[in-house]
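**Student:** Okay, here's the structure, questions in a sec.
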Amino acid sequence: DPMTAPDGSRPNTLQVNRLTAGFALGSLLFAAPIAALDVVLIPQRIDQLVGDGRVAGLALTMALGMVLSFFMNAWIAVGSDHTFGPLGRRTPWIISGAFLSAASLAILSVCDLLQLVIVFWLLMQIGYAMIAMPLAAAFGERVPDKFRGTVSGFYGAGIAVGQTLGSFVGAQLLKQGEAGIFGGWMMGMAI
């Protein structure tokens, strides 16, 4: 039945609209801080710490983050599939990932050594994977086939708008000096 979600629920029009808005807003709020960090704040932080070696430092940081994310995404996807508890399968992962990301970013914002920046950036990548993978799995479980195309479009639009907005806001904060950069770190922790 195309009106029944894979989790067995049969959402009405209001519930489908809530799912659409929730996934669009969730993807926007997830994508904006990570874009600001990836595009503006982490490169700027590495430039402050390393100076002339910033390209190698940034390349190492981002490469290690990508490799770790590759493995963590698979592990977290399986882990969230096999989690059972009063909060459901996905929610504990999302909440834990948000706390891990915020704590890692708070420490990262005051790190004075490239090695520490890399360690806490990697911890933050784990936290972000703990948010992203269960969110993607929840999409597949809660949206009926009939509405998947529409909801997926809004989900993708949320990511695109979030990445653009995050990059823009990060650049604007960078122009404002240290106070603005502090605001950027806070935006990242707000995820």
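The values are calculated or read from the model by the stated rules, or taken from the named source; none is laboratory data. Quick caveat: nothing in here was measured; it's all calculated off a predicted structure. Cβ: placed from backbone, ideal geometry, glycine included. Neighbour counts: every protein chain shown. Side chains included, ligands, DNA and RNA excluded: accessible areas come from the protein's heavy atoms. Shrake-Rupley method; radii C 1.70, N 1.55, O 1.52, S 1.80 Å.
**Student:** About the Cα centre of the stretch 9-87, what is the dipole size in debye to 20, counting +1 per Lys and Arg Cβ and -1 per Asp and Glu Cβ, all else neutral?
**Tutor:** Using only the charged Cβ atoms, the result is roughly 300 debye.
**Student:** Take the Cβ-Cβ distance between residue 174 and residue 15 as r, set R0 to 35 Å, and report the resulting FRET efficiency rounded to the nearest 0.05.
**Tutor:** Here the calculated transfer efficiency is 0.30.
**Student:** Ignoring ligands, DNA and RNA, please state the percent of accessible area on the stretch 47-108 from carbon and sulfur, probe 1.4 Å.
**Tutor:** Working: 2720 of 3620 Å².
Carbon and sulfur: 75 percent of the exposed surface of the stretch 47-108.
**Student:** How many nm is it between the label spots at residue 56 and residue 87, if each spot is 7 Å from the Cα in line with the beta carbon?
**Tutor:** It works out to 4.2 nm between the two label points.
**Student:** Are there chymotrypsin sites (Phe, Trp or Tyr not before Pro) in the stretch 1-107 that DSSP puts in a loop and that have at most 11 other Cβ atoms within 10 Å, and which ones?
**Tutor:** Qualifying residues, ordered by number: 84.
**Student:** What ratio of Cα Rg to 2.2 N^0.38 Å holds for the stretch 18-92?
**Tutor:** Compared with the compact-globule rule of thumb, the stretch 18-92 sits at 1.49.
**Student:** A further question on this structure: Roughly how many nanometres apart are two label points built 7 Å out from the Cα toward the Cβ at residue 115 and residue 1?
**Tutor:** It works out to 6.0 nm between the two label points.
**Student:** Evaluate the charge dipole of the chain about its Cα centre and quote only its size in Debye, nearest 20, assuming +1 on the Cβ of each Lys and Arg and -1 on the Cβ of each Asp and Glu.
**Tutor:** 400 debye
**Student:** So what is the 222 nm mean residue ellipticity for the chain from helices alone, if each DSSP H run of at least 4 adds -39500 (n - 2.57) and you divide by all residues, rounding to the nearest 500 deg cm²/dmol? Please list the in-between numbers first.
**Tutor:** Values: 7 runs with 148 residues, N = 191.
It comes out at -27000 deg cm²/dmol, rounded to the nearest 500.
**Student:** Which whole-number percent is the relative contact order of the chain (Cα, under 8 Å, 6+ apart)?
**Tutor:** Relative CO of the chain lands at 43 percent.
**Student:** Can you list, bin by bin at 5 Å, the percent of alpha carbon pairs in the chain, starting at 0?
**Tutor:** Percent of pairs per bin, in order: 1, 8, 14, 18, 19, 15, 10, 7, 4, 2, 1, 0, 0.
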